[in-house]
1. What full-extension length gain, to one decimal in nm, is calculated for residue 101 and residue 23 as 0.36 nm per residue of separation minus the Cα-Cα distance?
2. Once both labels are modelled 7 Å past Cα along the beta-carbon direction, what's the residue 57-residue 153 spacing in nm?
3. Among 95, 55, what's the order by accessible area (1.4 angstrom probe), most exposed first?
4. Which GluC sites (Glu not before Pro) in the range 72-147 pass both tests, a DSSP loop state and at most 12 other beta-carbon atoms within 10 Å?
5. Assuming R0 = 22 Å, can you tell me the calculated FRET efficiency for the pair residue 33 and residue 66, based on Cβ-Cβ distance, to the nearest 0.05?
6. What residues from the range 115-131 fall in the zone where the backbone N is under 15 Å from a label point 7 Å along the Cα-to-C-beta line of residue 85?
Amino acid sequence: ESIEFMHLVWIAQIVSPIDIYETPTSRMVCDFIGNVNIFEGEVIDDAEGHATITCKDLDRQIYVGHGISTSVQDKSVTYAIRPEKLLVTAEMPTCEYNWSSGKVHDIAYLGGHSVFYVELPSGKLVQSFVANAERRGQRPTWGDQVYVWWEDDSGVVLRS
């Protein structure tokens, strides 16, 4: 004879697999599905068409290409971005938002792609997946000073 025991069970999100990967609604779902870079921040501008978030781990503010409907009382948010959308470059980005300096901490070669682990000035490690198909040009290596950057619509803002 067996006893079933369930505690604190709830449905977190019901959507397609692509939607749950690309646009999770909570940090729990985001962490559960694949690798992700997480940044804690505070909303400093929340308009209808965009939002700006400040984050202590990044050199520059995060710009989101849509409003995020924050409450007046709580401006804290979590910003999540997948490693394949976080880009690594040796050149300083020319855009005002969505980048930070860093240093290549480690590189894992996984056949079709490599995982770059970049240490930000705060000490936080972030991951970037880089395809190995491109063989031309100089690629960053261990200890190199680099920049990580991303497009305005690459990440997702989580409220819970």
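The values are calculated or read from the model by the stated rules, or taken from the named source; none is laboratory data. Note that the structure is predicted; figures quoted are calculated from it, not measured. As a convention, Cβ positions derive from the backbone with ideal geometry for all residues, glycine included, and neighbour counts pool all protein chains shown. For accessibility, only protein heavy atoms count, side chains too; no ligands or nucleic acids. Shrake-Rupley method; radii C 1.70, N 1.55, O 1.52, S 1.80 Å.
1. Numbers: separation 78, 0.36 × 78 = 28.08 nm, distance 2.62 nm.
Contour length minus Cα-Cα distance gives 25.5 nm.
2. Here the modelled spin labels are 2.5 nm apart.
3. Numbers: 95 55, 55 10 Å².
So the residues, ranked largest to smallest area, are 95, 55.
4. Details: sites: 84, 91, 96, 119, 134; in loops: 91, 96, 134.
Qualifying residues, ordered by number: 91, 96, 134.
5. Working: r = 22 Å, r/R0 = 0.98.
The pair residue 33/residue 66 has a calculated efficiency of 0.55.
6. Only 127-129 pass the distance filter.
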